[in-house]
Amino acid sequence: MPDRNHQATPASGNRVASFCTDSPADLAKLAETLRSGGLVAIPTETVYGLAANALDEAACRRIFDVKGRPLLDPLIVHVPDHAAGERLARFDARAVRLAEAFWPGPLTIVLPKRGIVPAIVTAGRATVALRSPAHPAARRLLAAVGIPLAAPSANPFGYISPTTAQHVAESLGDRIPFILDGGPCAIGIESTIVALAPGRPARILRPGSISCGELAEALGEPVDEAPAPSSAQEADVEAPGMLARHYSPATPAALFDHGTVPDARADEAVVFQRRPEKAMDGPGAPTVFWFSESGDAAEVARNLYALLRGLDERAFTRIHIERAPPSPLGNSINDRLRRAATAD
Ligand code: TXA
Ligand code: MG
């Protein structure tokens with residue numbers, strides 16, 4: 001939920017976002033909205049983003065207002081390809097390799113920025129985070145609008161990221177004019193963020209579906225793993241947005257080890273990675289859910305946020321969530337679960 005010091009602006013009247021498609025007529029309308037400084041929620045393969053013209057300072061400021069996001073947390077800029085990225089940042093040989101290997105796709109690269117990028121986008125930093133999304137509707141919109149799009153996840157700051165157009169409508173629908181509906185997101189957790197500081201090993205700032213091993217293989221050199229979440233008080237200098245509490249449901253959440261069964265009460269929910277073999281029933285038993293029938297990590301990631309949002313709407317007093325078994329994607333899932341379950 002938005003932190004008390006950064007409340008989102010009050011809902012403006014009863015304006016409700018319209019859902020759009022990627023038809024030429026709708027894309028023209030969305031491109032015009034973006035060119036004139038408006039906001040549009042867009043689908044990506046990871047999560048939905050709240051997009052504005054990345055070169056328009058006032059438009060980017062609206063993103064922070066609508067999300068209730070602190071101005072010190074910089075935005076990711078979405079570009080169609082490496083060539084468009086070059087206008088915004090300096091790509092060294094490693095950056096070119098990563099863009100060639102993983103774009104379009106769920107990899108965000110933090111690079112030295114060029115002067116054209118407004119300070120509000122980067123929170124005054126000398127670096128900018130760039131990503132080329134793979135979702136076809138996002139790509140069509142980028143082609144139609146012809147400008148880079150700054151887009152953080154389209155949720156109120158600190159809350160669970162949206163993976164459907166409906167999720168965006170539920171939490172931001174009264175604050176934005178349009179949502180480009182691209183269906184449910186195929187990956188379901190946010191992009192891997194990698195920093196490429198000159199003269200230093202590549203470093204993962206946020207784990208995602210592209211693993212450390214895949215990055216190291218593409219670069220032909222070791223890559224530093226993501227740091228554990230820092231406390232909410234100490235914002236990490238290199239990864240300003242990586243607060244311990246993030247992606248959080250309003251209902252308190254607690255994690256339990258993979259393969260175990262938690263102690264839970266009747267007014268609580270228990271979420272397993274996969275359908276459990278044994279039911280938890282009888283008087284006083286909690287209500288049981290699972291992220292995936294088989295426990296396949298890609299399916300867990302895809303269903304993660306939708307299930308947590310759904311549970312948050314029900315009157316459970318606590319959500320107990322099973323950790324994913326270790327694997328590259330399982331570790332990224334556990335990163336999000338840890339943040340969801342952090343109390344402050
Ligand atoms: O998958 C994604 O990355 C989604 C979709 C919409 O593209 N976007 C997303 O954006 O997750 P957001 O704003 O929710 O998370 C971006 C993260 C934040 O933690 C922010 O602090 C970090 O990227 N970031 C942005 N610019 C940075 C920079 N120059 N240096 C370090 N971290 C940066
Ligand atoms: Mg976010």
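The values are calculated or read from the model by the stated rules, or taken from the named source; none is laboratory data. Keep in mind the model is a prediction, meaning the values are calculated, not measured. Here the Cβ is made from the backbone with ideal geometry for all residues, glycine too, and neighbour counts use every protein chain on show. Surface accessibility is based on the protein's heavy atoms, side chains included, excluding ligands, DNA and RNA. Shrake-Rupley method; radii C 1.70, N 1.55, O 1.52, S 1.80 Å.
Do any trypsin sites (Lys or Arg not before Pro) in the stretch 276-344 lie in a loop, going by DSSP, with at most 14 other beta-carbon atoms within 10 Å of their beta carbon, and if so which?
Lys278, Arg314
Over 26 Å apart: what share of the alpha carbon pairs of the stretch 18-235 falls there, rounded to a whole percent? Distances greater than 26 Å cover 29 percent of the Cα pairs.
The stretch between Asp281 and Ala25, if pulled fully straight at 0.36 nm per residue, gains 86.9 nm over its current Cα-Cα span. Springs between Cα atoms under 10 Å define the GNM used for the chain, and in it the highest mean-square fluctuation of Thr127, Thr44, Thr317 occurs at Thr317. For the chain, the solvent-accessible area works out to 41 Å² per residue, with a probe of 1.4 Å and every protein chain left in place. The overall shape of the stretch 73-151, judged from the alpha-carbon gyration tensor, is oblate: a/c is not under 1.5, and a/b is no greater than b/c.
Over the C-alpha atoms of the stretch 253-341, the Rg to Rh ratio, Rh being the Kirkwood estimate, stands at 0.93. Of the accessible area of the chain, with the probe set at 1.4 angstrom, what percent is carbon plus sulfur? Carbon and sulfur: 53 percent of the exposed surface of the chain.
Anyone know which of Ile187, Ile63, Ile116 comes out most mobile in the 10 Å Cα GNM of the chain? Sorting by GNM fluctuation, first place goes to Ile116. Which residue, Phe316, Phe272, Phe91, has the most motion in a Gaussian network model of the chain that connects Cα atoms within less than 10 Å? In this elastic network of the chain, the residue with the biggest mean-square fluctuation among Phe316, Phe272, Phe91 is Phe316.
How large is the helix-only mean residue ellipticity at 222 nm for the chain, computed as the sum of -39500 (n - 2.57) over DSSP H runs with n ≥ 4, divided by its residue count, in deg cm²/dmol to the nearest 500? If you can, show how the numbers build up before the last one.
Working: 10 runs with 97 residues, N = 344.
Taking each H run of at least 4 residues, the total per residue is -8000 deg cm²/dmol.
Here the Karplus relation 6.51 cos²θ - 1.76 cosθ + 1.60, evaluated at θ = phi - 60°, turns the backbone of the stretch 191-202 into coupling constants of 4, 5, 10, 10, 9, 10, 7, x, x, 10, x, 4 Hz, with x for every Gly and Pro.
Whole-Hz Karplus values for the stretch 173-189 come out as x, 8, 10, 9, x, 9, 10, 7, 8, x, x, x, 6, 6, 9, x, 10 Hz, taken residue by residue from phi with 6.51 cos²θ - 1.76 cosθ + 1.60 and θ = phi - 60°; glycine and proline positions read x. Annotation: amide H-H contacts under 5 Å for Ala134 (H modelled 1.01 Å from N, sequence separation of 5 or more, or interchain): Glu45, Gly105. Treating each Cα of the stretch 249-304 as one equal point scatterer and applying the Debye formula with no solvent, the log10 of I(q)/I(0) at q = 0.30, 0.31 Å⁻¹ comes out as -1.34, -1.36.
Kindly work out what percent of the DSSP beta bridges joining two residues of the stretch 18-235 are antiparallel, to the nearest 5.
Working: 17 of 30 bridges.
Within the stretch 18-235, antiparallel bridges account for around 55 percent of the total.
Taking amide H as placed 1.01 Å from N in the peptide plane, the amide H of Ala253 sits under 5 Å from that of Ile319, each at least 5 places away or on another chain.
Under the convention that each Lys and Arg Cβ holds +1 and each Asp and Glu Cβ holds -1, the size of the dipole of the stretch 253-341 around its Cα centre is about 220 debye. Taking Cα centre as origin and charging only the Cβ of basic (Lys, Arg, +1) and acidic (Asp, Glu, -1) residues, the dipole magnitude of the chain rounds to 780 debye.
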